[in-house]
1. Can you tell which of C:Ala104, C:Ala77, C:Ala108, C:Ala71 is more than 14 Å from C:Ser19 (Cα to Cα) and out of contact with any helix residue (DSSP H, G or I) (no Cβ under 6 Å at 6 or more places or on another chain)?
2. Please work out which one of (1) in contact (Cβ under 8 Å) with a residue 60 or more places away in the chain; (2) of a type in the set (Ser, Thr, Tyr); (3) not in a strand (DSSP E or B) is the condition C:Ser115 fails and give its number.
3. For residues that are within 30 Å of B:Leu265 (Cβ to Cβ) and surrounded by 21 or more Cβ atoms within 10 Å (Cβ to Cβ), tally how many sit in segment A:146-168.
4. Residues in segment A:191-200: is at least one under 30 Å from B:Lys225 (Cα atoms) and either in contact (Cβ under 8 Å) with a residue 60 or more places away in the chain or in a strand (DSSP E or B) (or both)?
5. Kindly provide the set of residues from segment B:314-328 that are out of contact with any Leu (no Cβ under 8 Å at 6 or more places or on another chain) and either modelled with pLDDT under 90 or assigned to a strand (DSSP E or B) (or both), ordered by number.
6. Mind telling me which of the residues B:Leu80, B:Leu88, B:Leu101 ends up being in a loop (DSSP other than H, G, I, E, B), away from chain A (no Cβ under 12 Å) and within 26 Å of A:Asn135 (Cβ to Cβ)?
7. Scan segment C:101-111 and give yes if some residue there is under 21 Å from C:Trp34 (Cα atoms) and either surrounded by fewer than 17 Cβ atoms within 10 Å (Cβ to Cβ) or among the hydroxyl-bearing types (Ser, Thr, Tyr) (or both), otherwise no.
8. I'm told B:Ala262 meets every condition in (1) buried (at least 17 other Cβ atoms within 10 Å of the Cβ); (2) within 21 Å of B:Arg173 (Cβ to Cβ); (3) of a type outside the set (Val, Ile, Thr); (4) in contact with a helix residue (DSSP H, G or I) (Cβ under 8 Å, 6 or more places away or on another chain) except one. Can you identify the failing condition by its number?
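The values are calculated or read from the model by the stated rules, or taken from the named source; none is laboratory data. All of these numbers come straight from a predicted model, not from anything done at the bench. Using ideal geometry, Cβ is built from the backbone for each residue, glycine included, and neighbour counts are taken over all protein chains shown.
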Amino acid sequence: MNSLSELQLDALTEIFNIGAGRAASSLSEIVGDEVKLSVPCVQLYQSSEINADTLSLNSPRLGAVRQHFSGPFNADAMLLFTEERAMEIVHDMMASQVGIEDVAEYEQEAMCELGNIILNACLSSMADMLDLTLNSSLPVYFVGATDVVLRQIISETNQPLILVLHIDLSIEKRHLQGCLMFLLSSSSLQKLLAHIDRFISGI
Amino acid sequence: MNSIPAKNEFAFSGEIGGKIAENIWDSIKSGLILVDSEGKILLWNDWIAQHSGIPAESALNHFLGSLFPDGLAASFKNALRNVLHYKLPIILSNALHRSPLPLYPLPVAHRKQDRMQQSIIITPIVTSEKKRLCLIQVTDATLSIKRERVLKSYSERLSKAAITDALTGAYNRRFFDERFTAEFSRAQRQNIPLSLIMLDVDFFKDYNDRYGHPAGDKVLISVVKALKSQLHRPTDVVTRYGGEEFAIILPDSGSEGGRIVAEKLRVAVSGLNIPHGTSTVADHLTISIGIVSYQPDTSCNATCFLEAADAALYSAKHGGRNCVRHLVTPECGKPCQVDTPQADSPD
Amino acid sequence: MPHRNSIKTLLIVDDSRVSRMMIRTFVLAKYPQWIIIEAASGNEALEIVDRDTPNYCTMDINMPGIIGTDAAEQILAKYPGIRVAIFSSNIQQSHQTRAAALGARFVAKPVTENSVAQALEFFESNP
């Protein structure tokens, strides 16, 4: 049984939207401008179904920030975005901060922080709404050819199920589409759904 | 971290374990601060003491916020609060925060000087008594910034066109020469590893003869694309060394990391499955790779290092092709020979 | 609590069914006699307001179609008497400023007993 009920999806979408709202608030403090971040929908895939098309990430190269988290259930949380667009946004963010541009080592770390803000906001929202505690590793950033990155993610984590959230991020004049993925085993998914059902029945 | 005694006073406990731990964190070349959920300081290592100008005696058991006359940056306070509340680790990158804490380059003379550039990681620590603590790690980002600035000024001086190979889009020999000299002397100066890959398309002349030069050009473009797809760090770039020969400098990569990259490159090109009817090693296009790794604290100059890479490639070519041959730390003065090639078997 | 026993109509606007359920539950726990109407989008809310003219309205911001702050602006322009609480997880100053300019109360999501209490306090306070 690996499909989600409408109400479960609704609850998950709301959890992640609250996370997105928090992330947007944190990001706007950094850039000193309005940040829009939304999670239009949540979908569940088998890892074999994942490719650039299902993720709507049509770019030759992807950047990915990854954190492994554990708690009542374990998952690899990953933020994927097209490298070029993400770099533009990071450049803007950096420029608004320190007035520098195009310094590769800055970028890596700044991308890590961008991913860290969004992933932590989603995890903390989940922790708040479902009343649980999650632990997380530090974020790792990597970048590469789209198919290589996707293949690597799927083979390394070896989790059969992937919860995919499409996200839209706008900072100043830039717009970025990305994906948040939670890679789960089926037992972890069942535990997550049990927490969501408990949350829904408590309303 | 598991060996830290659970008691609150572990930082200065008289136990041997505590003493060793204390020596360790005071020897670490980055800043460590441990605070409890109220922001009270439980650990303040030597590095932080030196760069803040505040000795451990004055810091321990005080509140982090009250220690600095100007208080703490809002972003730093928020991060600390979030780590304590949600127990999720947080990065404050140098790019977006620059200098959150009032720390200064040595010697710390007066507070008027510019703050040190910092990268900060804050991680939650939960003691066996379920106490929530926060570990703040600070590293000096100045060095990496300087290095990037130097590289950046390089790439600006050499305009894009002047350093790019027009056919393949890889960097050209001129770029390689400048970059290699710079990276080699950096490795020597800072005693850090460096690997250099030299590779060559197997039976390329035969390919040209059989399929024609335009097809040969296409092959080189595909090879460069395949090589690039395997390099994920911005500092690792493909350069066309000449003809069908390419070189890749891998800064900060030791022998193990370099070997893995080299093997991935070989597999990636082989995986293109470009038919090659006149190759005697495979029915498709392959490359031979020589790699040499510089180990710190050995006597080897740039010329010798480059020759060693050439020798490793030569060995790969004459040892069957479609393989990787690896040399570690050539010693200067000795003839650069491939004595103990560590061959990776072709697929 | 002068209004405790009077029957009021509350319109809950949120694209998330779970959020609507939560707001409804917390409100009814305090005011069991209130009439609750739900809308899943800003456009639906505008239609309902014309038809039923509620006393109060809770409004999410991020919704498909017309966004919450725009819907609130249109509602308040037409029916200044309706009290609107804008619920959002996005606590950026720009949203709070816009809510204040409209004469609405900004309430931070997630929906909790506490955040709903803030909205109710605003509804029941004297204009």
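1. C:Ala77
2. For C:Ser115, the exception is condition (1).
3. 4
4. No, the conditions are met nowhere in segment A:191-200.
5. Answer for segment B:314-328, where residues must be out of contact with any Leu (no Cβ under 8 Å at 6 or more places or on another chain) and either modelled with pLDDT under 90 or assigned to a strand (DSSP E or B) (or both): B:Gly319, B:Gly320, B:Val324, B:His326, B:Leu327, B:Val328.
6. Within the list B:Leu80, B:Leu88, B:Leu101, the selection yields B:Leu101.
7. No; the residues of segment C:101-111 include none that is under 21 Å from C:Trp34 (Cα atoms) and either surrounded by fewer than 17 Cβ atoms within 10 Å (Cβ to Cβ) or among the hydroxyl-bearing types (Ser, Thr, Tyr) (or both).
8. (4)
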